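K.L.:
I'd like to ask some things about the structure below.
The values are calculated or read from the model by the stated rules, or taken from the named source; none is laboratory data. None of the values given here were measured: they were computed from a predicted structure. Here the Cβ positions follow ideal geometry from the backbone for every residue, glycine too, while neighbour counts run over all protein chains shown. For accessibility, only protein heavy atoms count, side chains too; no ligands or nucleic acids. Shrake-Rupley method; radii C 1.70, N 1.55, O 1.52, S 1.80 Å.
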Amino acid sequence: MVGQPKDSGEVFISYSWDSEDHVRAVLEFSNRLRSEGVDCVLDQYEESPPEGWPRWMDRKICEARLVLVVCTDAYYNRVMGKEVADKGLGVKWEGGLIYQHLYNAGASNTKFIPVLLRPEDRKFVPTPLQGATYYSVDSTAGYDRLYSRLLGKQNAKKPKLGKRRPLPKREVKTDVSMYVSIPIDPQLWDEAKWRGTFVLIYEKGPPVLGLGFLNESAARKIFEQWHRRYGASDTFEELRVSIVEGDIKGELPGYTVHVGADIENTIRRYREAGLTVSETDAFMTVSRINRMNPPPGSKNIEMFKEAYRLYKTYLLIPVVMKPDGSEARPILDLGIHKNTIHFRRVEDIGPYDEDAAVSGRVKRPFTSFGKRGKGRKKKKKG
C-alpha cells in the first residue's frame, strides 16, 4: 500500500456549480480521494463558514498544498470574466485568487492542477493554467496519474546521469538577423484597424492593457502569431510597449501608445540560445502607434500606472471594438503576460530615441551592433 507523502496537506477542489449532476460528480470525486488518503477540502462539506465564503475560500486556497481546478465550460467563462453579472460569484472569487497566485509565482505554477471529468473539457482549461499538466480522471489511468502526483510519487524512475561523450566542434555561421521575426505584420495590422487602447483594473490582480481593433479576425491572428513566437509570457520582453504622455504638435491632447520590437532583448535571447551577433548584422523594426484623446479629468492611465507599480506586471490583450467606441469586448484567452512597459514624456524623447516615431522624429542611432553604412538600425513609423 502506498504511504502518505512527507509534505501531506490539504488539497482544495475548485469547481463551478454547472448542474446537479456535475456537483454530485465532483463530490464523488472528492469522496474517492479522501477514501484513499488524500485530505480533500470541498465547499460541499461545509454548511456556513463563520468567516463567510469569500474569506473561507481565500484561507483554504492559501493553506492548501495543492488546488485541483475542475475545468468545464461554465468554470472557464466565469474565471475568464465571460459570465453574466451576479452569476458564479464563488468561482469568480477563486479565479481571481488563482490569477493572483500565478502572477506572484512568476508563472512558475507548482500548486494549481487542471482536472477534467470529461476529456472533451480540455479546451476549457483557464488561460493561466494552459501550460500545466492536466489530468483526465474519467479513466483509471488518468486518475492513477493524478493520485500519484498528489502523493508525490514519480511515474518513472530517473536513471543515473552518465558521462558525456565528446562531439566534434563545428563553427556556427548563422546570420541572426535572418531569424529575427518582427512583431508587426503591416498588412495584417492594416486589416485589423487598431483604433483604440483600453485599460482594465481589477480589485485583486495585475492590470490589463487592451489594444482595440475593429476587425476581430485580423486581431486574433496578430495575437495568435505573437503566442507562437513569444508564448503566453513574453519572457525576454521582445515586444516593446510604451505609453508616451504630453502634447504633440498637430495632435489633440492625450497620450500615445507605441508597439514594436525591442531589438536589444531580441539579440539577448539569440545570444543565450548560443547564436553569434556580429557588427555586420542589420536589423529593421516596424512599429505601430495609436493616439488616444481621453476626456479632461480621465484617470484611466494613472490607475493603470498605480496598478502596474503595485504588481509589476500586466496582461496585454486584443479588444474588439465598434468604430464609434460604443462597445469593447476583451479577448482574455489570447492575453500575453508582460513585466515591462515604458512610461515616457514627449519632451524627454530625442531624435534618436526608441519612441522618436511618436513625434515624427524617426532617426535611429548607431550602436555596437552596427557601423555607419552597414550596421545601422532603421525604424519605420507605423
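K.L.:
Largest first, how would Cys62, Cys40 line up by accessible area (1.4 Å probe)?
P.N.:
On the way: Cys62 70, Cys40 5 Å².
Ranked list, largest accessible area first: Cys62, Cys40.
K.L.:
Let me cross-check Met292: its accessible surface, 1.4 Å probe, with only protein heavy atoms counted, in Å² to the nearest 10?
P.N.:
40 Å²
K.L.:
Quick one: accessible surface of Lys82, probe radius 1.4 Å, all protein chains present, in square angstrom to the nearest 10.
P.N.:
100 Å²
K.L.:
Report, in listed order, any pair from Lys82/Lys305; Lys82/Lys153; Lys111/Lys221; Lys299/Lys338; Lys193/Lys305; Lys249/Lys322 with a Cα-Cα distance greater than 30 Å. Could the numbers behind the result be given before it?
P.N.:
Numbers: Lys82/Lys305 25 Å; Lys82/Lys153 37 Å; Lys111/Lys221 32 Å; Lys299/Lys338 22 Å; Lys193/Lys305 26 Å; Lys249/Lys322 28 Å.
The answer is Lys82/Lys153; Lys111/Lys221.
K.L.:
Additional query: Using a 1.4 Å probe over the heavy atoms of the protein chains, calculate the carbon and sulfur portion of the accessible area of segment 237-343 as a whole percent. Present the calculation step by step, with values, prior to reporting the outcome.
P.N.:
On the way: 2630 of 5120 Å².
That fraction is 51 percent.
K.L.:
Let me ask something else. Compare Tyr143, Tyr202, Tyr230 by solvent-accessible area with a 1.4 Å probe and give them largest first, with all protein chains kept in place.
P.N.:
Values: Tyr143 5, Tyr202 105, Tyr230 25 Å².
Output order, biggest surface exposure first: Tyr202, Tyr230, Tyr143.
K.L.:
Could you pull the accessible area for His342 with a 1.4 Å probe, rounded to 10 Å²?
P.N.:
Number for this one is 60 Å².
K.L.:
While we're here: What accessible area per residue, rounded to a whole number of Å², is obtained for segment 201-256 using a probe radius of 1.4 Å? It would help to have the intermediate numbers written out before the result.
P.N.:
Numbers: 2500 Å² over 56 residues.
Heavy-atom accessible area per residue stands at 45 Å².
K.L.:
When the Debye formula is applied to the Cα atoms of segment 34-82, each taken as the same point scatterer, what base-10 log of I(q)/I(0) results at q = 0.15, 0.28 Å⁻¹?
P.N.:
Log-scaled intensity ratios, in q order: -0.54, -1.14.
K.L.:
Of His22, Met57, Gln44, which is farthest along the charge dipole of segment 19-73 in the positive direction, counting Lys and Arg as +1 and Asp and Glu as -1 at C-beta?
P.N.:
Selected residue: Met57.
K.L.:
Show Val199, Val257 ordered by accessible area, largest first, where the area counts protein heavy atoms only and the probe is 1.4 Å. Mind dumping the intermediate values first?
P.N.:
Details: Val199 35, Val257 0 Å².
Ranked list, largest accessible area first: Val199, Val257.
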